[in-house]
Amino acid sequence: MTETPKRRIATDLIHAGRIRSDMAENAEALFLTSGFVYDSAEQAEAVFNNEIPHYQYSRFANPTVAMLEGKLAKIEGAEACRCTATGMAAVHAAMLSHLKTGDRVVAARALFGSCHWIVNNLLPQYGIERVFVDGSDLAAWQAALSQKTALVLLETPSNPMLDIVDLRAVCDLAHAAGAIVVVDNVFATPLLQRPMEFGADVVVYSATKHMDGQGRVLGGAVLGSQKWITEVFQPFFRNTGPAMSPFNAWVILKGLETMGLRVAAQSANAEKVANFLASSPKIARALYPARQDHPQHKLAMAQMTAGGTLVAFEVKGGKEAAFRLMNAFQIITISNNLGDTKSLATHPATTTHMRIGAEERAKLGITDGIIRLSVGLEDAQDLIEDLAQALEKV
Ligand SMILES: *Cc1c(COP(=O)(O)O)cnc(C)c1O
């Protein structure tokens, strides 16, 4: 890969990271191979001795996956990237490669369900202390980070309530406590928010969401400094095996070519849908970071360039009303994925956030009337009309 002078993101989404083979192909090649061959036994020995660069085995590295890693690093402005089989493999490997028994982790309470499980259930199994804080409460972060800490994990905007964490303030507090900051940037995407510019050390993604964006494959990504990726992450990654399939990398490479257009259009659609929902008497509240009535609107807009593709709203009448609404949709479908070209609705209390329990849901404000809507690429007016006809049945 020859790196050219700085280009704009729309161009990097198309061209960055390309590795062209001797066949002079235009589209990125799919190297669907588990292993690689050597010219001689001597060459194999030299490769395993790190004397010459050469692909060895796709659990360690693969050219198609490397193209995706190069593109994502360029877009994020990160020194290095490794792609993983799923977003959860990315979060898990980023944390477990860095942590050891006796360490302390501080996390925002509002996390994707499985991220919450890793912090709350898995870390204690390894003797790692964990402290949860209300991500929007800077005093709580300050208190939690007044002692030595190894790692901070947060998500902003959070799933599903779209809470915003002050990235710069929390990164400063975390660094003073000796911690690295891992930001799950799935909701914002690298197009709308760049956590490393606010001090984040590691950024993780579920590539399943906006990067594929068309509901086809699972994937994840971990981005950080070359030093951290090489010394901390890579040995764990290489030996525990959360590698991404080259096929999935190839699909996601195609997804990235249109991600800029999709995220901009879906975000514009989401704002229109949020404005409609906020005006409905059957809706108790509509949460969208770009709306002035979002409790952290100013902070959100200081960190993000648009409101994103997700809207959370509370239907009056609790679970019964929420279910009735969802069952009446004719365009919007019920699914727990997000960032897709198709608009997808989820009832967090009974699906993605069922396992965290009623008490934790109450702390997060996830009432039984809350619906998370991932807004797709359909015509915004059709989505509004679908919501309007469904609301009439509530
Ligand atoms: C989906 C998601 C994940 C997990 O990603 P998978 O690809 O499903 O493993 C992690 N964090 C957030 C915020 C997500 O939305």
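The values are calculated or read from the model by the stated rules, or taken from the named source; none is laboratory data. These numbers come from a predicted model, not from an experiment. A quick note on method: Cβ atoms are made from the backbone with ideal geometry, for glycine too, and the neighbour counts reach across all protein chains shown. Only protein heavy atoms, including side chains, enter the accessible area calculation; ligands, DNA and RNA are left aside. Shrake-Rupley method; radii C 1.70, N 1.55, O 1.52, S 1.80 Å.
Which number do you get for Rg(Cα) / (2.2 N^0.38 Å) in region 259-391?
Dividing the Cα radius of gyration by 2.2 N^0.38 Å gives 1.00.
Return the single residue from 372, 20, 104 with maximal mean-square fluctuation; model: Gaussian network over the chain, springs between Cα atoms under 10 Å.
Residue with maximal mean-square fluctuation among 372, 20, 104: 20.
Quick one: dipole size for region 259-391, taken about the Cα centre, charges +1 on Lys/Arg Cβ and -1 on Asp/Glu Cβ, in debye to the nearest 20.
Around 320 debye, computed over region 259-391.
What pairs from 319/342; 148/227; 209/298; 272/319; 254/363 go past 31 Å between their alpha carbons?
Table pairs above 31 Å Cα-Cα are 254/363.
Report the Cα centroid-to-centroid distance between region 180-224 and region 1-74 in angstrom, as an integer.
21 Å
If you roll a 1.4 angstrom probe over the protein chains with everything in place, what fraction of the accessible area of region 259-391 belongs to carbon and sulfur, to the nearest %?
C and S atoms contribute 53 percent here.
I'd like to know which of 247, 102, 202 lies farthest towards the positive end of the charge dipole of the chain, counting +1 on Cβ of Lys and Arg and -1 on Cβ of Asp and Glu.
My answer, from the dipole projection, is 102.
Calculate how steeply helix 380-392 sits against the longest principal axis of the alpha-carbon atoms of the chain, using the helix alpha-carbon long axis, and give the answer as 0 to 90 degrees to the nearest 10.
50 degrees
At 1.4 Å probe size, with every protein chain present, just tell me what the per residue accessible area of the chain comes to in Å².
Here the per-residue accessible area is 43 Å².
Mind listing the phi-derived Karplus ³J(HN,Hα) values for region 354-363, rounded to whole Hz, using 6.51, -1.76 and 1.60 with θ = phi - 60°, and x for any glycine or proline?
Ordered by residue, 3J(HN,Hα) equals 5, 6, 6, x, 5, 5, 5, 4, 4, 4 Hz.
Rounded to a whole number, what % of the accessible area of region 53-123 do carbon and sulfur atoms account for, probe 1.4 Å?
So the carbon and sulfur contribution to the accessible surface is 56 percent.
Please give the FRET efficiency for residue 146 paired with residue 56, using the beta carbon to beta carbon distance and R0 = 41 Å, rounded to the nearest 0.05.
0.35
Under a GNM of the chain (C-alpha, springs under 10 Å), which listed residue has the highest mean-square fluctuation: 252, 128, 366?
Its mean-square fluctuation being the largest, the pick is 128.
Suppose the chain between residue 45 and residue 284 were pulled fully straight at 0.36 nm per residue; how much longer would it get relative to their current alpha carbon spacing?
79.4 nm
Determine the relative contact order of the chain: mean sequence separation of Cα pairs under 8 Å and six or more apart, normalised by residue count, in whole percent.
Normalised by residue count, the contact order of the chain is 16 percent.
Under the classification rounded if a/c is under 1.5, otherwise prolate if a/b is larger than b/c and oblate if not, where does region 11-126 fall, given a ≥ b ≥ c as square roots of the Cα gyration tensor eigenvalues?
Oblate, since a/c reaches 1.5 and b/c is not below a/b.
Over all directions, the average projected area of the alpha-carbon convex hull for the chain comes to how many nm²?
So the Cα hull casts an average projection of 20.0 nm².
Relative to the Cα centre, what is the charge dipole magnitude of the chain, using +1 at the beta carbon of each Lys and Arg, -1 at the beta carbon of each Asp and Glu, and rounding to the nearest 20 debye?
600 debye
Tell me the label-point distance for the pair residue 350, residue 8, using the 7 Å Cα-to-Cβ offset, in nm and rounded to one decimal.
4.6 nm
Relative to the first principal axis of the alpha-carbon coordinates of the chain, what is the inclination of helix 167-176, with its axis defined by its Cα atoms, in degrees from 0 to 90 and to the nearest 10?
50 degrees
Leaving ligands, DNA and RNA out of it, report the carbon-plus-sulfur percent of the accessible area of region 127-249 at a 1.4 Å probe.
It is 52 percent, rounded to a whole number.
Calculate how steeply helix 63-76 sits against the longest principal axis of the alpha-carbon atoms of the chain, using the helix alpha-carbon long axis, and give the answer as 0 to 90 degrees to the nearest 10.
50 degrees
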